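As structure tokens, the structure follows; a few thoughts come after it.
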Amino acid sequence: MPKRNVLLSFLLMPAFFLAACETKQQNDPTVDTSSPSGVIQKQNDKKADDDLPFRAMLTSSRFEKEIHAAAQGELRPASSAVKFRWDFSADKSYLYDFRQKVVSKSYGETNRDSSASLNGRLSMKSKGDGTADMGLDQMRAQMNFGQKKEPKTKPLKIPPMAMPGISEDGSLPAGSNPQAILTRFLFPFPEEALATGATAQIPLHVPFNAGGSPLTVKGEARVKMMGLIERDGRTLACLEVTYDISDLDVPKELNGDYGCSTRGRALIFYDVKDRALESADMAIVMGIRASVPNSPIQTAMDNDYHIQIVRKR
């Protein structure tokens, strides 16, 4: 993977979806067989390399406990169902602090550990026509490479990113932008209004480049309306979200073993009166595996994310 894409995949969840789901040449094959089998689509009776067993992909994030800690406060049932939608009916800007931590591990003859943190600003600028432009700017990152005792540290300044044309449900028009999956991941607003205790499923998919073949990993975000909570004089609705995107259908004609899994949990708080996201706290883990016989394509890595979005007042 090119150096620029590697840096972006560590630092930004959006770039990770678009860049890191590519099976590129990697010198480090996996060697650990102590875990049970992971989510791997095998197309051969014999492994691509008998010395290259797949390590199982992680199924939960180390940051989930921090997510639950953020849910302090007493929830109460809503008197009516809540419709989760942004208000893009007038010119208005919503500003947020954006924070992200990621711990990455590549498995091989020499296991490689890396970590990074990023701080920046997320903006949602309503255009008054039911759509808005989202931006990420003022982003600064710190990356740590190598072992914990003597990590190599590198500060980075990330260029701004823009995602125009977001609808009030948090989506981009299908097919208009490869980043459409990203906004649905960050803003998993269900189509229907939800009463307290009600659930809904939002279909999600992640692009996966299997050595030049464009595949798709399918799954969903399952959202549950937990109730209402009062904070600083504002009434907030709480959504609990469970992500599971791990259904990778590999055609029989494609030679090799492939796996990609994205799982996690999130707590979303929504300002009912202002019709805007108040905060999001997400713990997401993503694993990629690929092994192609008679090819340099050997990939095994896990990335564990903690993403926080908090509205600035």
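Only the coordinates and a few stated rules stand behind these numbers; no lab work does. Just so you know, these numbers come straight off a predicted model, no measurement behind them. No Cβ is skipped: glycine too gets one built from the backbone with ideal geometry, and neighbour counts run over all protein chains shown.
Using a cut-off of 29 Å between Cα atoms, the listed pairs Lys224/Lys273; Lys154/Lys218; Lys218/Lys312; Lys101/Lys312; Lys154/Lys224 include Lys154/Lys218; Lys218/Lys312; Lys154/Lys224 as exceeding that distance. Dipole check for segment 229-313: with +1 at the C-beta of Lys and Arg, -1 at the C-beta of Asp and Glu, and the Cα centre as origin, the magnitude is about 380 Debye. Each of Leu172, Leu204 was scored by other Cβ atoms within 10 Å of its Cβ. Arranged with the fewest first, they read Leu204, Leu172.
Given the alpha-carbon gyration tensor of segment 258-312, what are the semi-axes of its equivalent ellipsoid in whole angstrom, ordered largest first, with each equal to the square root of 5 times an eigenvalue?
Here the semi-axes work out to 37, 9, 8 Å.
Taken over segment 182-313, the alpha-carbon convex hull comes to 115 cubic angstrom per residue. The peptide list 212-224, 282-294, put in order of mean Cβ contacts within 10 Å with the highest first, becomes 282-294, 212-224.
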